[in-house]
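Enquirer: The structure follows.
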Amino acid sequence: MSAMTAFPLTGGSAHGALIASPNSAMRERASQNLNGRWRPVQHAVSGADALVKLETGEWQILFLDRRLPDLDSAELMAMVQRRFPGIQVVLLDSDAAFREDETDATVKKDPDTAAAGVDEREYGPLPGMIGRSEAMQRVYRLAQLVAPRSTTVLVMGPTGSGKELVARALHELSPRADKAFVAVNCAAIPEALLESELFGHARGAFTGAVQAQVGRIPAAHGGTLFLDEISELPFGMQAKLLRFLEQKEVQRLGTAETTRVDVRVIAASNVDLAGRAGRGEFREDLFYRLSAFPLELPPLTERRVDIIPLAEHFLACMAAAMSAPCPRLSGEAVRILEAHPWKGNVRELQHVMERASILVEDADTVLSEHLYFPFQQTLFPTARTLSCASRAS
């Protein structure tokens, strides 16, 4: 085994070891040489499999094969560092021997060597997305890796961070791009209608079903089905969705026939779905099915270098829609935008810039008084005046 890299343990009570490698002989050899120092010891056969197990267990150390079938090991290593800072990571070469003395030496290595060999190439933004921050570079890289496949993807991130944009980009970069992209907000459809909306129904299947309806899943045949806010899917519907994911068949309400459907599923959640599954609030088996390839979107506060490019992009789009010149941002406006906490993420920024593009009228510069933050106690003068006038009317 050669060129091994480790990150130091930062504390915590976890004590298990996870060995991630597509090489079964290496996994067994590694397990035998750990000599009971970590318990339990589990195996993962891919990068995505490792991420799922890291989400659902307590681990002290991850032994990671440099050669993974689905993810770049350096990218996965960076993701583990960010999401699981208490876990040591040891990089292994599957074509070399695994020896206990080398493992000991690796664990004691200087963490400054961790950056060695990390892929520092810059990846272009996904279709419809803006930003070149390090956090978004990881998103672009992982998305481009998985886009050509039919692997189920779980996009995680806070509200307003752009999860549907990622889903649409995955569709556009896939071989399914010329087929349908069907989006379903699981929280917006009443539970009584959800099964019919997803699977369809025959005429007369229930009171009010005066004509047959093709469900959203069959409508996405050959293309992509995007299930937004998947955490809000009722428990009974979770079992039916799981069956579809396993069998790739749908049965319309009011019929006994099943139909084969070829659909790539992308789900999105703004909550900790693994935590909900662990507490019994979401089916674990469905969670594992959906998270075959987890992809995490960072909040805007973790990609501050992207704030101004995004703001300028929104201003340009709004100016183009009105066939008007695009105003520039004043220095003070830039400072305010960069300092704002952006709890609503990219969506909040878009709305702030939309209001600014209206308040600026025919001027060529967006000033501080054109920026209006609804949840801020102190509003800028122009925005406060407009708000009072609106209430008076």
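Enquirer: Do we find that Ala220 is open to solvent by less than 10 Å² (accessible area, probe 1.4 Å) and out of contact with any Lys or Arg (no Cβ under 6 Å at 6 or more places or on another chain) in this structure?
Expert: Yes, satisfied.
Enquirer: Residue check, Gly124 against (1) modelled with pLDDT of 90 or more; (2) closer than 19 Å to His313 by Cα, all met but one. Which one?
Expert: (1)
Enquirer: List the pairs whose first member sits in region 187-199 and is charged (D, E, K, R), whose second member is part of a loop (DSSP other than H, G, I, E, B), and whose Cβ atoms are under 8 Å apart, counting only residues at least 6 apart or on separate chains?
Expert: Pairs that qualify, where the first residue is charged (D, E, K, R) and the partner is part of a loop (DSSP other than H, G, I, E, B), are Glu191/Pro234; Glu197/Ile189; Glu197/Gly215.
Enquirer: Looking only at region 27-65, which residues are in contact (Cβ under 8 Å) with a residue 60 or more places away in the chain and open to solvent by 40 Å² or more (accessible area, probe 1.4 Å)?
Expert: Arg29, Asn33, Asn35, Glu55, Thr56
Enquirer: When you scan region 240-281, how many residues do you find that are of a type outside the set (Ser, Thr, Tyr) and farther than 18 Å from Leu154 by Cβ?
Expert: Within region 240-281, residues that are of a type outside the set (Ser, Thr, Tyr) and farther than 18 Å from Leu154 by Cβ number 16.
Enquirer: Sticking with this one: Could you figure out which of (1) acidic (Asp, Glu); (2) surrounded by 14 or more Cβ atoms within 10 Å (Cβ to Cβ); (3) free of Cβ contacts under 8 Å to residues at least 60 places away in the same chain isn't true of Asp228?
Expert: All conditions are met except number (3).
Enquirer: Which strands (runs of 3 or more DSSP E) sit wholly inside region 209-317 and have at least 3 residues that are in contact with a Gly (Cβ under 9 Å, 6 or more places away or on another chain) and at pLDDT 90 or above?
Expert: Counting at least 3 such residues, we get 264-269, 293-296.
Enquirer: Give me the pairs, please: first residue somewhere in region 331-356 and among the basic types (Lys, Arg), second residue anywhere and part of a helix (DSSP H, G or I), beta-carbon distance under 8 Å, and either six or more positions apart or on two chains.
Expert: Qualifying pairs under 8 Å: Arg355/His370; Arg355/Ala383.
Enquirer: Here is a follow-up. Could you please let me know if Leu349 is open to solvent by less than 80 Å² (accessible area, probe 1.4 Å), in contact with a strand residue (DSSP E or B) (Cβ under 8 Å, 6 or more places away or on another chain) and either modelled with pLDDT of 90 or more or part of a helix (DSSP H, G or I) (or both)?
Expert: When the stated conditions are applied, Leu349 does not pass them.
Enquirer: Considering only region 360-377, how many residues are open to solvent by 30 Å² or more (accessible area, probe 1.4 Å) and either modelled with pLDDT of 95 or more or among the aromatic types (Phe, Trp, Tyr) (or both)?
Expert: Looking only at that region, the number is 3.
Enquirer: Then there is this: Can you find even one residue in region 320-327 that is hydrophobic (A, V, I, L, M, F, W, C), open to solvent by less than 60 Å² (accessible area, probe 1.4 Å) and farther than 30 Å from Leu145 by Cβ?
Expert: yes
Enquirer: OK, next. Evaluate region 95-107: report whether one residue or more is open to solvent by less than 40 Å² (accessible area, probe 1.4 Å), among the aromatic types (Phe, Trp, Tyr) and at pLDDT 90 or above.
Expert: Checking region 95-107: not a single residue is open to solvent by less than 40 Å² (accessible area, probe 1.4 Å), among the aromatic types (Phe, Trp, Tyr) and at pLDDT 90 or above.
Enquirer: What number of residues in region 12-59 are among the hydroxyl-bearing types (Ser, Thr, Tyr) and assigned to a loop (DSSP other than H, G, I, E, B)?
Expert: Adding up the residues that qualify gives 3.
The values are calculated or read from the model by the stated rules, or taken from the named source; none is laboratory data. In this text the structure is predicted, and so the values were computed from the model without any measurement. We place every Cβ from the backbone using ideal geometry, glycine too, and count neighbours over all the protein chains shown. Remember, those area values only see protein heavy atoms, side chains included, never the ligands or the DNA or RNA. Shrake-Rupley method; radii C 1.70, N 1.55, O 1.52, S 1.80 Å.
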